[in-house]
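Asks: Sharing a structure below in structure tokens format, with a few things to ask.
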């Protein structure tokens with residue numbers, strides 16, 4: 001992630017926190033920077049493991065609260081891919097993408113397909129819908145689990 005994107009995230013989060021009377025803490029900043037510096041879809045526990053490498057005193061509860069804050073502010077998307085565990089991905093600075101989820105090993109593959117996007121828009125128009133957001137999740141077995 002570029003320095004400019006990190007500044008954008010920091011500004012958006014600072015505005016949200018000030019609007020809601022929340023204070024910035026060193027641990028919260030560490031969690032946010034670790035999250036946006038990571039790729040893919042992280043559970044709270046996975047993020048906590050990464051954060052503890054830098055500060056062993058960070059509690060899992062602080063990570064939960066911080067991720068809820070990022071989700072509430074629109075900076076992160078909470079995703080549940082059917083395994084009962086919430087995972088988070090960055091919501092800003094990324095192109096829209098959809099997901100292939102292996103029901104056996106839990107692998108998540110991101111993909112983009114312009115034809116699918118065009119077809120979704122056509123179906124929505126045919127039914128008088130104006131799509132404002134969507135997510136597509138396809139479940140099956142990855143190559144290794146087949």
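The values are calculated or read from the model by the stated rules, or taken from the named source; none is laboratory data. What you see is a predicted model; the values in this text were computed from it and never measured. Note that each Cβ is placed from the backbone with ideal geometry, even for glycine, and that neighbours are counted across all protein chains shown.
Asks: Run residue 135 past the list (1) closer than 29 Å to residue 17 by Cβ; (2) out of contact with any helix residue (DSSP H, G or I) (no Cβ under 7 Å at 6 or more places or on another chain); (3) free of Cβ contacts under 8 Å to residues at least 12 places away in the same chain and report the number of the one that doesn't hold.
Replies: (3)
Asks: Still on this model: For residue 92, are the conditions met, namely being at pLDDT 90 or above and in contact with a helix residue (DSSP H, G or I) (Cβ under 7 Å, 6 or more places away or on another chain)?
Replies: So residue 92 fails the test.
Asks: May I ask you to say which residue of 40, 106, 53 is modelled with pLDDT under 85 and in the same structural domain as residue 14 (by TED's automatic domain parsing)?
Replies: Step by step, each of 40, 106, 53 is checked, and only 40 is modelled with pLDDT under 85 and in the same structural domain as residue 14 (by TED's automatic domain parsing).
Asks: Residue pairs, Cβ under 6 Å, 6 or more apart or interchain, first in region 1-28 and over 20 Å from residue 60 (Cα atoms), second outside any helix (DSSP H, G or I) and modelled with pLDDT under 70. List them.
Replies: Note: pairs meeting the criteria are 5/93.
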